[in-house]
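See structure below.
The values are calculated or read from the model by the stated rules, or taken from the named source; none is laboratory data. For clarity, every value in this text was computed on a predicted model and none was experimentally measured. Don't worry about glycine lacking a Cβ; one is built from the backbone with ideal geometry, like all the others, and counts go over all protein chains shown.
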Amino acid sequence: MTLSTIHPCEWHQQDLDQAGRPILAFLTAFGVPLINKAAFISPLADETSLQVSILNYASLALDVAGRRIKIAWEENVSAHLDFDEELKLLHLYRLPNFCAANHAQEDSGLFGLQLRIGFTVSPRSISQIFREILLSYRLWFGQTKASRRIFNMSEKIRATGKDKVLDPLLVQLCGSKGAIEEMLPDGSVHDRTMYTRQQVSHLYAKLLRLQAYIAA
């Protein structure tokens with residue numbers, strides 16, 4: 001006998017005799033994208049602003065001589081914006097609809113479960129992490145013409161997973177010039193030309209590292 005869950009893209013199954021495993025291992029085996037708090041901690045005291053004119057994919061991939069960076073489109077939300085400088089590989093989460101659907105739920109659903117089984121991520125932090133992830137697609141692609149062109153010409157195809165599913169919100173956020181307020185009308189996320197540590201506190205360390213890499 002097997003148990004099944006629906007991943008944002010596909011079905012995952014495992015044998016019933018695995019149900020005795022620790023709950024975190026059990027959920028992870030289903031493909032459930034659990035939040036890893038350590039992936040979103042920004043311990044830096046730095047207050048450097050993040051500039052859209054600098055920190056965008058066209059600058060990272062094209063403008064830095066000899067450093068053409070490739071994107072690995074991931075189904076692990078905690079890997080979002082991880083950067084392997086040696087491999088020249090930037091990891092991006094490919095399912096922003098999952099973030100949009102959950103960022104306002106706070107203590108309900110999957111992330112309420114995380115809290116109840118011992119995670120230390122607060123409901124407010126979970127909601128903020130998702131808002132920042134949604135903003136990051138605009139920062140990397142949507143707010144810069146050259147970056148939108150790259151996404152629409154090549155990355156849109158690469159972001160289609162093995163399940164043949166392309167998240168329609170990813171196409172909007174990364175490939176459309178329209179304001180994020182038109183795509184996410186709940187009013188909680190806004191496009192800016194500059195982002196401060198306070199506005200992207202959970203992703204700040206990852207973004208600041210990338211901005212420094214581009215400017216080096």
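Residues in segment 162-183 that are part of a helix (DSSP H, G or I) and β-branched (Val, Ile, Thr): Val171, Ile180. Of all residues in segment 44-63, which are modelled with pLDDT under 80 and within 19 Å of the chain's Cα centre (by Cα)? Leu60, Ala61, listed by residue number.
Are any of the residues in segment 170-193 at pLDDT below 90, assigned by TED's automatic domain parsing to the domain that holds Ala101, farther than 19 Å from His91 by Cβ and within 15 Å of the chain's Cα centre (by Cα)? Looking for residues that are at pLDDT below 90, assigned by TED's automatic domain parsing to the domain that holds Ala101, farther than 19 Å from His91 by Cβ and within 15 Å of the chain's Cα centre (by Cα), one finds at least one in segment 170-193, hence yes. Any residue that is assigned by TED's automatic domain parsing to the domain that holds Cys99, of a type in the set (Val, Ile, Thr), at pLDDT 90 or above and not in a helix (DSSP H, G or I) - is there at least one of those in segment 146-159? Looking through segment 146-159, none of the residues is assigned by TED's automatic domain parsing to the domain that holds Cys99, of a type in the set (Val, Ile, Thr), at pLDDT 90 or above and not in a helix (DSSP H, G or I).
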